[in-house]
Amino acid sequence: MLYFAIIYPRILYGIEVYANTFQSNLHELMVLNNRLLRILQHRKPKTNNSELYLLYNTLPINVLFKYQMLLHAHSIFYNSDNLPKIFMTDKLMNSDVHSHNTRSSHDFHRLTCNTSPGSKVSLNICSRL
């Protein structure tokens, strides 16, 4: 598969950084990725995008970013001993903030932020997802 040998690793590399933006900034990259999938699969230009991704068993770039962030949150939650110490600051749970028992006491603590750059911090993205 030419797509998974050349294109997919380049998309996946650093996706946590470059895809952490508005959807409109990723639009051209997503269109180019859809065009490449159509070319590699010999599909017509009117082919639905979901068919392209389903046949190659992959995800669109915006969904792939969310998936990678969920993998990051999972590794913080379950494998934090194997991660560098810098990621220990991201492991702020609701049980660390308050002592009373609630349904969400084992969830990531969501910090309130009033700015757009503040909402793009990985801790806020992981807790939101």
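The values are calculated or read from the model by the stated rules, or taken from the named source; none is laboratory data. All figures in this text were calculated on a predicted structure; none of them were measured in a lab. Cβ: placed from backbone, ideal geometry, glycine included. Neighbour counts: every protein chain shown. Accessible surface areas use protein heavy atoms only, side chains included; no ligands, DNA or RNA. Shrake-Rupley method; radii C 1.70, N 1.55, O 1.52, S 1.80 Å.
Values for this structure:
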| read-out | value |
| --- | --- |
| 1 or more residues on the phi < 0 side of the Ramachandran plot and either modelled with pLDDT of 70 or more or surrounded by 15 or more Cβ atoms within 10 Å (Cβ to Cβ) (or both): qualifying helices (runs of 4 or more DSSP H) within segment 30-129 | 49-56, 61-78, 94-97, 122-128 |
| Answer residue from segment 1-25, given it is under 16 Å from residue 66 (Cα atoms), in contact (Cβ under 8 Å) with a residue 40 or more places away in the chain and hydrophobic (A, V, I, L, M, F, W, C) and is most open to solvent (accessible area, probe 1.4 Å) among those | 12 |
| Neighbours by Cβ (under 7 Å, 6+ apart or cross-chain): first from segment 55-84, under 30 Å from residue 28 (Cα atoms); second among the acidic types (Asp, Glu) | 68/16; 69/16; 72/16 |
